[in-house]
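The block underneath contains the structure these notes are about, expressed in structure tokens.
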Amino acid sequence: MKLYVALLAASLARVGAFAPSGPVARAPAAAEGSTTRLYQFGTLGFTAEGLYTREEEERMREQNRVMEYLGEVQAPAAVRDDLGASVMISGFDPTDPSSIEVLDFLNTEDSPHFPFTKIVAHVEDTKAAKKRLIGRNARYTGLLDKLDLSEGGALPSVDQLADVTSWVAHVSGGDMSKLADIADAAEKAGSVKNVAILVSGATGVGGDAIKEAEEMLKGKATTFAYTLLVVPEWNDEPEASSAFGIVNATDVADAPFAEGASFSRAESLRIITECLAIEKAAGKCVVANASKDPSSLEYMLIQGMREIGYNRLEEIEHMVASGVKGYNDMLEAKNDGSAWEKAPEETEEQKAAQAKTKEEQIALARKLRDEAAKQEELTKMATEWAKREYLRKSLKRRIPIKEGEFIEVVWDRAMFEADLKYRTMQGQAVNESEERQQFREDQEKKKAEAYKKEQERWQQMQYEELEPPEEKTASFGR
């Protein structure tokens with residue numbers, strides 16, 4: 001019986017805390033002395049007295065205090081105003097999922113605080129990068145219109161950083177020696193104003209090395225703002241699937257990471273890209289660790305923020321700027337009777353405006369989820385249509401391309417057919433003949449534009465590109 005009720009309570013009060021979903025309305029807080037009121041057990045028709053151990057009751061009281069604290073300090077995140085229109089990423093292997101994920105974070109519609117109209121990916125091989133980075137997703141998210149590639153060594157040159165205002169640099173293998181080179185390049189390129197550096201695979205990096213890196217960045221960075229994030233080895237866990245803790249470099253232990261520690265790749269990329277925009281992250285050197293112990297303050301803070309309705313930007317700002325240290329400082333100041341004071345009570349007008357904002361956030365999150373579900377269904381239907389079309393044509397005559405390439409070629413038509421079918425299934429109005437005619441006209445316009453661009457590209461090509469020099473081979477006589 002105890003197990004059943006505990007599971008039911010958890011499902012009522014804690015479900016969805018570690019999923020990247022929309023804002024959740026805050027549950028009413030309970031009196032600190034009553035754990036039964038905390039989870040509204042009285043409404044279930046039975047008493048919860050003696051249901052929890054003393055440790056569990058203390059943990060719930062602590063979570064209550066954390067929730068109250070988070071509700072008092074919640075505020076919109078302050079965003080930098082000098083991000084500029086151009087951002088560069090470097091140090092990302094195009095064959096690794098991280099390269100696509102970081103581009104998605106910088107280009108997503110869910111982050112309107114990123115004003116970028118140009119995203120430059122600095123790679124060592126542009127041909128390989130084009131195959132990996134430019135695909136169907138890039139075309140339909142608008143990334144293709146923004147993405148540009150630069151080729152060179154591990155780090156971009158000063159000339160390649162010209163006109164770049166923001167820079168996300170990745171250093172793998174915990175190689176802290178590369179940080180000075182990044183700082184020098186950013187300092188010499190006068191246009192760079194913000195640099196976010198992610199060091200992954202730093203399991204063996206000690207606390208002294210991280211503190212030295214902080215001192216180095218403080219000394220070298222005079223024309224740009226920086227943020228350094230150090231994490232252990234990456235794992236494949238999805239973003240926002242668990243809690244995390246962030247510690248300032250000045251407070252890290254001699255061994256910041258436990259043996260065998262790992263951190264979500266997607267989560268680290270989300271943190272570093274958001275830190276690029278967060279004003280309070282400027283000048284910060286921090287270490288991030290996963291926190292999966294429900295009794296830890298890191299876990300309670302993350303869980304509380306996701307239940308109250310913090311968005312990801314606010315959540316990351318709070319963990320970078322305050323985190324566990326900020327909460328402990330508040331408790332200490334409160335016990336001393338100084339510093340932290342409860343904010344003034346909100347007026348009825350302010351409460352109504354806040355409730356309206358929460359309703360709008362929930363409605364927007366619901367709309368985004370519905371749109372994502374619709375897009376997923378359309379993609380599935382389009383793929384099925386394209387496969388059927390490939391089979392139909394291949395039965396008539398031999399097709400000189402493989403199925404995957406065929407799907408890429410006819411994808412616009414496949415999505416059009418899927419959209420028609422979807423709206424018909426939903427009972428929506430469909431004028432098939434007019435829509436097909438309009439689709440044909442649009443495709444002809446696209447074809448004409450593509451042909452014109454290709455003509456211009458050929459006219460601008462150099463003779464050497466058209467006729468590459470012949471390779472000299474050695475010939476051996478008999």
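The table below gives the values:
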| quantity | calculated |
| --- | --- |
| Unit Cα scatterers, Debye sum, segment 375-464: log10 I(q)/I(0) for q = 0.14, 0.15, 0.20, 0.24 Å⁻¹ | -0.68, -0.75, -1.04, -1.17 |
| Per-peptide average of other Cβ atoms within 10 Å, ordering 228-235, 150-157, 245-252, 393-400 highest first | 228-235, 245-252, 150-157, 393-400 |
| By average C-beta atoms within 10 angstrom, highest first, the peptides 51-62, 442-453, 419-430, 258-269 | 258-269, 51-62, 419-430, 442-453 |
| Rounded to the nearest 20 debye, dipole of segment 229-278 from Cβ charges on Lys, Arg, Asp, Glu | 140 |
| Under 20 Å from the Lys131 label point (7 Å along Cα→beta-carbon), backbone N, segment 77-110 | 91-101 |
| Sites Glu434 and Thr117 - FRET efficiency at Förster radius 30 Å, r taken between beta-carbons, to 0.05 | 0.30 |
| Segment 174-235 pair-distance distribution - Cα-Cα, 5 Å bins, rounded % | 4, 17, 32, 22, 14, 8, 3, 0 |
| Percent accessible area from carbon and sulfur atoms, segment 209-284, protein chains only, probe 1.4 Å | 48 |
| Residue-normalised accessible area of segment 128-184, expressed per residue, 1.4 Å probe, Å² | 49 |
| Surface share of carbon and sulfur [accessible, 1.4 angstrom probe, percent] for segment 144-184 | 43 |
| Among the listed pairs Lys130/Lys218; Lys127/Lys393; Lys387/Lys421, those beyond 27 Å (Cα-Cα) | Lys130/Lys218; Lys127/Lys393 |
| Glu444-Arg366 FRET efficiency (beta carbon distance; Förster radius 41 Å; 0.05 resolution) | 0.60 |
| Other-chain or far-sequence residues with amide H under 5 Å of Gly91's (modelled H) | His170 |
| With DNA, RNA and ligands ignored, accessible area of Thr117 (1.4 Å probe; Å², nearest 10) | 90 |
| Mean shadow area of segment 194-298, taken as a quarter of the surface of its Cα convex hull (nm²) | 6.5 |
| Percentage, to the nearest whole number, of Cα pairs in segment 126-181 over 18 Å apart | 50 |
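The values are calculated or read from the model by the stated rules, or taken from the named source; none is laboratory data. Quick caveat, the model's predicted, so the values are computed rather than measured. Positions of Cβ are generated from backbone atoms using ideal geometry, with glycine treated the same way; all protein chains shown enter the neighbour counts. Ligands, DNA and RNA are stripped out before the accessible areas are found, and what is left, the full protein with its side chains, is counted by its heavy atoms. Shrake-Rupley method; radii C 1.70, N 1.55, O 1.52, S 1.80 Å.
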